[in-house]
Amino acid sequence: MAQVEATSERIVAADAETVFDALADYRDTRPQLLPEHFSEYEVREGGDGEGTLVHWKLQATSKRVRDCLLEVSEPTDGELVEKDRNSTMVTTWRVTPAGDGRSRVVATTTWKGAGGIGGFFERTFAPKGLDRIYSAILANLAAQVEK
């Protein structure tokens, strides 16, 4: 089983602290950022960064739905890590200053992919699909914090 990785990035016209706080707000802001691929969103513990436990279903394709139960940690400043209890999927959000009231936001998702021909297709197509989903989240984030 090979590791699969998908990365999305965006420069946002808001300072890093504002952007990070919006991303870390799982109770109010985060649900507003999610596109139609997400359903059954529920904060089960916490709600603000470290210590949050959040659930959602992610429909990556018409046939592929992941039931995600994510533990959130903040291992370093400007970094949120969402580890799925139901799979090997880990999403890391990094927010860094990008000069003059701007921030760079990078979302990287990794998981152990399938083997064989199914794994080939997963490694080929899944990163592109996740990039579209996370690019939508980043666009919604930008719209939220650039107001």
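The values are calculated or read from the model by the stated rules, or taken from the named source; none is laboratory data. Treat the numbers as computed from the prediction; the structure is a model and nothing was measured. Using ideal geometry, Cβ is built from the backbone for each residue, glycine included, and neighbour counts are taken over all protein chains shown. For the accessible areas, the whole protein counts, side chains as well, though only heavy atoms, and no ligand, DNA or RNA atoms are used. Shrake-Rupley method; radii C 1.70, N 1.55, O 1.52, S 1.80 Å.
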Given (1) among the hydrophobic types (A, V, I, L, M, F, W, C); (2) farther than 24 Å from Arg10 by Cα; (3) touching a residue at least 60 places away in the same chain (Cβ under 8 Å), Ala107 misses just (2)
Q.
Among the residues in the stretch 35-48, are any at positive phi and open to solvent by less than 80 Å² (accessible area, probe 1.4 Å)?
A. yes
Restrict the check to the stretch 9-16 and report whether at least one residue is open to solvent by less than 60 Å² (accessible area, probe 1.4 Å) and not aliphatic (A, V, I, L, M).
no
Taking the stretch 60-76 and keeping residues open to solvent by 60 Å² or more (accessible area, probe 1.4 Å) and modelled with pLDDT under 95 leaves Thr61, Ser62, Lys63, Arg64, Val65
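Can you tell me how many residues in the stretch 93-109 are open to solvent by 20 Å² or more (accessible area, probe 1.4 Å) and either part of a strand (DSSP E or B) or among the acidic types (Asp, Glu) (or both)?
Number satisfying all stated conditions: 7.
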Inset, instruction - Confirm whether Thr61 is more than 14 Å from the chain's Cα centre (by Cα) and more than 18 Å from Arg85 (Cα to Cα). - result: yes
Selection from the stretch 49-59 of residues modelled with pLDDT of 95 or more and surrounded by 15 or more Cβ atoms within 10 Å (Cβ to Cβ) yields Gly49, Thr52, Leu53, Val54, His55, Trp56
Taking the stretch 79-125 and keeping residues touching a strand residue (DSSP E or B) at 6+ places or on another chain (Cβ under 6 Å), of a type in the set (A, V, I, L, M, F, W, C) and at pLDDT below 90 leaves Trp111
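Hey, can you tell me all the residues within the stretch 80-91 that are part of a strand (DSSP E or B) and open to solvent by 20 Å² or more (accessible area, probe 1.4 Å)?
Matches in the stretch 80-91: Lys83, Val90.
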Query raised in the report: Would you say Phe20 is hydrophobic (A, V, I, L, M, F, W, C) and under 20 Å from Glu79 (Cα atoms)?
Result: yes
Among residues of the stretch 21-31 being of a type outside the set (A, V, I, L, M, F, W, C) and in a helix (DSSP H, G or I), the residue nearest to the chain's Cα centre (by Cα) is Arg30
Kindly indicate whether Arg30 is of a type outside the set (A, V, I, L, M, F, W, C) and open to solvent by less than 30 Å² (accessible area, probe 1.4 Å). yes
In the set Thr18, Thr61, Thr76, the lone residue that is of a type in the set (Ser, Thr, Tyr), out of contact with any strand residue (DSSP E or B) (no Cβ under 7 Å at 6 or more places or on another chain), within 19 Å of Ala139 (Cβ to Cβ) and not in a strand (DSSP E or B) is Thr18
